[in-house]
Amino acid sequence: MSRVLVTGSQGMLGQDILLGLKGHDVTGMSRSTLDITDRHAVTTVIPDFDIVINAAAYTAVDDAETHRDDAYAINAEGPKNLAAACARSGATLVHLSTDYVFGGDATTPYPEDAPKGPASVYGQSKLAGEQAVLENNPDHSIILRTAWLYGVNGSSFPRSILSAGQTREHLDVVDDQVGQPTWTVDVVGMIEQLVNAGVTKGIFHATNAGQTSWHGFACKLFELAGWDTDRVAKTTTSAFPRPAPRPAWSVLGHTEWSAHGLKSPRAWEDALAEAWDSGLSQFARGQ
């Protein structure tokens, strides 16, 4: 049984890791109990654990454009502190990253070693975090990139769409951004695979398989709710200008799973159907 620390444990993914990672001694710490930007605090805590799962992140994509220092502190300096402390203690670091490290202009799934080219401050800070992790703990660090994440806890696209669907007759949803809706519970399963298999290094893409647009995702949610999908109209990214650019293409490849003899991620539609039955449906009932 490994002693596992989950940072950012009060976030949407962090909460599910605490609930779903079985067979290990798991401890969760939120920012109030462990600020990963505090090098001394990190150095003090890490020796008590065999595995550290870093789910702490600055995820306010638009705010990062004007709060660069805050984004880099949490997304780059924090992971650097964790990696350095893990290297000293011999612990394995599992660091959660994002599709935003890529340029978002591809037309085929990004392989794990694809060239990077983040267009936003958020993406740049997350890439800096990846680099810091690999530089400071190269032999015992796993990078897990995820995208389009949703779960029962916290805010998410399904929660927003289903809430809007209860009160609005028509919704305009972007159709020119393509990605992979990914259930937090499936990401936990991917982490569990790596931990139980004894994998200690590498880069993996932790997204569900397949692809769709935000509009396609919204229509699938309406189908599950038994609502008329004609109420969901297609629109473009330019109709909703935001401070930070959004990737037009967020589809990630999964070759490293099979290369390590591990189970590849399942289709996003299958994961969503199970997520619906496991609690997501409550948001269509106003709960």
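The values are calculated or read from the model by the stated rules, or taken from the named source; none is laboratory data. For clarity, every value in this text was computed on a predicted model and none was experimentally measured. In this analysis, Cβ positions are derived from the backbone assuming ideal geometry, glycine residues included, and neighbour counts consider all displayed protein chains.
A few points about this structure:
- Members of region 93-124 found to be closer than 24 Å to Ala60 by Cα and among the polar types (S, T, N, Q), listed by number: Ser97, Thr98, Ser120, Gln124
- Candidate set from region 189-215 (those that are among the β-branched types (Val, Ile, Thr) and surrounded by 22 or more Cβ atoms within 10 Å (Cβ to Cβ)); member that is farthest from Ser141 (Cα to Cα): Thr207
- Considering region 219-239, and only residues there that are in a helix (DSSP H, G or I), of a type in the set (A, V, I, L, M) and out of contact with any Phe, Trp or Tyr (no Cβ under 8 Å at 6 or more places or on another chain), the residue that is nearest to Gln166 (Cα to Cα) turns out to be Ala225.
- Among the residues of region 167-223, the ones that are polar (S, T, N, Q), at pLDDT 95 or above and more than 30 Å from Val4 (Cα to Cα) come to 4 in all.
Yes or no, residue by residue, for (1) buried (at least 21 other Cβ atoms within 10 Å of the Cβ); (2) on the phi > 0 side of the Ramachandran plot; (3) modelled with pLDDT of 95 or more:
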site	(1), (2), (3)
Arg3	no, no, yes
Asp25	no, no, yes
Arg31	no, no, no
Phe49	yes, no, yes
Ile53	yes, no, yes
Asn75	yes, no, yes
Ser89	no, no, yes
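- Among the residues making up region 162-172, those that are of a type in the set (A, V, I, L, M) and surrounded by fewer than 22 Cβ atoms within 10 Å (Cβ to Cβ) are Ala164, Leu171.
- Answer residue from region 150-185, given it is in a strand (DSSP E or B) and touching a helix residue (DSSP H, G or I) at 6+ places or on another chain (Cβ under 6 Å) and is farthest from Thr98 (Cα to Cα) among those: Leu171
- Residue satisfying condition, being within 15 Å of the chain's Cα centre (by Cα) and of a type in the set (Gly, Ala, Ser), within set Ser30, Ser97: Ser97
- Looking across region 112-139, the residues that are part of a helix (DSSP H, G or I) and of a type in the set (D, E, K, R) come down to Lys126, Glu130, Glu135.
- Residue match in region 136-145 (condition: surrounded by fewer than 24 Cβ atoms within 10 Å (Cβ to Cβ), over 28 Å from Ser213 (Cβ atoms), among the acidic types (Asp, Glu) and touching a residue at least 40 places away in the same chain (Cβ under 8 Å)): yes
- Listed by first and then second residue, the pairs with beta-carbon distance under 6 Å, at least 6 apart or on different chains, first residue in region 224-245 and surrounded by 14 or more Cβ atoms within 10 Å (Cβ to Cβ) and at pLDDT 95 or above, second of a type in the set (D, E, K, R) and assigned to a helix (DSSP H, G or I), are Ala244/Glu65.
- Count - residues of region 9-34 that are closer than 22 Å to Ile143 by Cβ, outside any strand (DSSP E or B) and free of Cβ contacts under 8 Å to residues at least 60 places away in the same chain: 5
- Region 107-150, residues that are among the charged types (D, E, K, R) and under 19 Å from Thr207 (Cβ atoms): Glu112, Asp113, Lys116, Lys126, Glu130, Arg145
- Of Phe204, Phe240, all but one fail to be farther than 29 Å from Ala83 by Cα and not β-branched (Val, Ile, Thr); the exception is Phe240.
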